[in-house]
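The numbers here are math on the coordinates, done by the rules we state, and not lab data. From a predicted model like this one, the values you see are computed outputs, not experimental measurements. All Cβ positions, glycine included, derive from the backbone under ideal geometry; neighbour counts span all protein chains shown.
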Amino acid sequence: MKKILVTGGAGFLGSHLCSRLLDEGNEVICLDNYFTGSKRNVLPLLDNPYFELVRHDVTMPYFIEVDEIYNLACPASPIHYQVNPIKTIKTSVMGAINMCGLAKRIKAKILQASTSEVYGDPQIHPQTEDYWGHVNPIGPRSCYDEGKRCAESLMMNYNLQNDVRIKIIRIFNTYGPHMNPLDGRVVSNFVVQALTGKDITVYGDGLQTRSFQYVDDLIEAMIRMMNTPDDFMGPVNVGNPNQFSMLELANEVLDITGSSSKIVHLPAPQDDPEQRQPDISLAKEKLNGWEPKVQLREGLEKTVAYFDSMLQRGELKL
Ligand code: NAD
Ligand code: UDP
């Protein structure tokens, strides 16, 4: 049995990760400040004696003895990471310093949840890990993009300077149950809008594309990455390479829900990437042939079922 710390563990991805790590017989400490996450996401885990929930902010040091650290704490949606951009930078940078410092002291292995946003608005498609990106360092997304880029640099340097065992994964758009319905991400927005009969808000012409990965596929890759040999640190792209335009996504959601919501177009946000698509050759090679298994239709059906049950229970507060 390993003792594992998951920062941001009450969030969308973190709660799935905690659950999976417990299922595999580990002891899990979930640390979160509940900025975008919620206790509701980990409610079913609270009865498990091997699960511990701690309210803590990663910008402050935290001391504990564990074997592994998954560092996920950071708001991930543009609406939330732009509310307090300085805090977003602090969370990425000071969070990485505090967690790498902890890993160094207790000789734990640490995995950093990085992002496809380190590629910015990319000029090559699909993106491979050796592409250095096209990021606007002073734009509205920079608090997130540059914070995550600095966190990657910190990880690499803690390895170089202090031999900390590190792993970096670059996560591409991921969706599924436990997404925060208020965080403005496209899948949760469209599903909730369709279920509540509101207009489906497509930003810009809707021809921009994203590659959507279902959460279970990501969690599988994260755990495989943590278990790779110490000399493989990444970064490695983890995502589903199948691309869809926002209009295609909207129509798929309308079809699954049978909703009569109308598609409306709103102005595109500044610096909105036109296209984003992972090259996952490295993940396939290094993560034992890993590849996404859940395709968009199936994943969306599960996500619709989740939000629908929230709606039925009166928990979907908009
Ligand atoms: P999320 O917002 O649901 O989860 C983030 C969690 O971190 C929340 O529970 C939040 O309360 C917590 N948190 C935020 N600031 C904190 C702080 N200072 N101290 C402690 N806890 C804090 O988002 P998510 O989608 O689950 O993302 C998890 C991680 O994965 C993030 O680091 C994000 O950047 C990364 N990521 C996610 C995606 C995606 O598509 N979901 C894509 C790329 C990268
Ligand atoms: N988007 C949209 N309608 C929404 C929310 C988002 O058309 O209600 C678009 C957004 O402009 C972007 C894409 O969907 O082009 C993905 O946005 P999201 O915030 O989910 O992720 P990211 O931009 O970080 O990839």
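Ranked by the mean number of other Cβ atoms within 10 Å of their residues, highest first, the peptides 144-150, 111-117, 49-55, 214-220 come out as 111-117, 144-150, 214-220, 49-55.
Other residues whose C-beta falls under 14 angstrom from the C-beta of Ala194 contribute a net charge of -3, scoring Lys and Arg +1 and Asp and Glu -1. Taking other Cβ atoms within 10 Å as a rough exposure proxy, Cys100, Cys30, Cys143 sort from fewest to most as Cys143, Cys100, Cys30. Determine the gain in length on full extension of the stretch Asn288-Cys150; use 0.36 nm per residue of separation and subtract their C-alpha separation, reporting nm with one decimal. Taking 0.36 nm per residue and subtracting the Cα distance, the gain is 46.8 nm.
Each part reduced to its alpha carbon centroid, the stretch 246-280 and the stretch 75-131 end up 25 Å apart. Among Trp132, Trp290, sorting on how many other beta-carbon atoms sit within 10 Å of each Cβ, with the fewest leading, yields Trp132, Trp290. Averaging 1/r across all pairs of distinct Cα atoms in the chain and inverting the result yields a Kirkwood radius of 19.8 Å. Packing around the peptides 87-95, 198-206, taken as the average count of other Cβ atoms within 10 Å per residue, puts them in this order, highest first: 87-95, 198-206.
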